[in-house]
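One structure is given below, encoded as structure tokens.
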Amino acid sequence: MRTYKDCCRMVLCALRRQLLRSGSSCGALARLLQRQSRACVYSSVHGFNPEEIREKLQAFPGGSIDLLKQESGIAVLTVNYPSRMNAFSGSMMVDLEERVSQLESWTDGKGLIVHGATGTFCSGSDLNAVRAISNPQDGMKMCMFMQNALTRLLRLPLISVALVEGRALGGGAELTTACDFRLMASGSVIQFVHKHMGLVPGWGGAARLVRIVGSQNALKLLGGALKVDPHLGLQIGLADGVLEVPLAEEGAETLLQKTEIWLSRYTKGPAPVIQAVKKVVLSGRELPLSEALRTERDVFGTVWGGPANLQALASKSKHR
């Protein structure tokens, strides 16, 4: 005998199927909502209880993940735990998820810079927390939690860049791959040191690394735990640019300012248009062609006839 919840679930599923068959704006909206619900990799279907792992992670405090939203539409996310070389404590993992949630609802956002406090990027996980949850069950839950958080970070409708100063090690190296671009300061290093810890990446870094540098280079970086300096980073495509450390003189631009200038060339324009650009690129990267085409059509429909489109039509003519 079906329960009330079963009946509701059947009705909702039938409604979703009907909406997805529709060529109307309702169908487009349903598809967009369905894709949004897939931003997370794991849910209760996979035996994942986020509240349970949040509570466990909060037992290991220290540091913070700070978020600054700017009027320019570019936000700055700072990994802030200098006494541990910006390693992720348990509470910082929860912070990260919360900051990603805030960015997901930022309608005026266009870009995101991820960097570390006080001249270094991130040295991975805080060993105090790692030792305390070293059993396989808790390790898997932490793995799923961070995969969800970093996948949502990558899928934000913002164009993102990691500013790598100092060292990005282990989980810090994985964090760089959750951004669209990576800029390396002179003298910086990205290193997937997992092999030295008897591990492989668990926050999604291996899967993303293969997409960025290819399987051959990924094998070299993971199997050899190679130190990637700016020169090698540019050579294999892990780095998208190199920034010189500014001179200690008045008026010199900081690396963060240089990064914002670099990113602004891709975020110039109205937020809905920049977000639409990110969405169609993301669908092309992640979805089968037929679904990516439908997504592109849906996103196109959100900007066609919009304010930016109408203003451009009124002010420009390519036939002059």
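Inside segment 265-300, residues that are in a helix (DSSP H, G or I) and open to solvent by less than 50 Å² (accessible area, probe 1.4 Å) make up a count of 14. On inspection, L163 qualifies as in a strand (DSSP E or B) and among the hydrophobic types (A, V, I, L, M, F, W, C).
Taken over segment 286-309, the criterion of being among the hydroxyl-bearing types (S, T, Y) and over 21 Å from the mean Cα position of the chain (by Cα) is satisfied by S290, T302.
Note on segment 160-181: residues that are crowded, with 23+ Cβ neighbours inside 10 Å and among the aromatic types (F, W, Y) amount to 0.
Collect the residues in segment 229-243 that are assigned to a strand (DSSP E or B) and either under 21 Å from the mean Cα position of the chain (by Cα) or of a type in the set (G, A, S) (or both), keeping them in residue-number order. Within segment 229-243, G241, V242 meet the criteria.
Of all the criteria given as (1) modelled with pLDDT of 95 or more; (2) open to solvent by 30 Å² or more (accessible area, probe 1.4 Å), the one not satisfied by N309 is (1).
Residues in segment 69-127 that are part of a loop (DSSP other than H, G, I, E, B), open to solvent by less than 30 Å² (accessible area, probe 1.4 Å) and among the small types (G, A, S): 5 in all.
Apart from one condition, P157 fits all of (1) in a strand (DSSP E or B); (2) open to solvent by 20 Å² or more (accessible area, probe 1.4 Å); (3) closer than 27 Å to P272 by Cα; the exception is (1).
The values are calculated or read from the model by the stated rules, or taken from the named source; none is laboratory data. These figures come from a predicted structure and were not determined experimentally. Cβ coordinates were reconstructed from backbone atoms using ideal geometry, including for glycine residues, and neighbour counts include every protein chain displayed. These area figures cover heavy atoms from the full protein model, side chains too; ligands, DNA and RNA do not enter into them. Shrake-Rupley method; radii C 1.70, N 1.55, O 1.52, S 1.80 Å.
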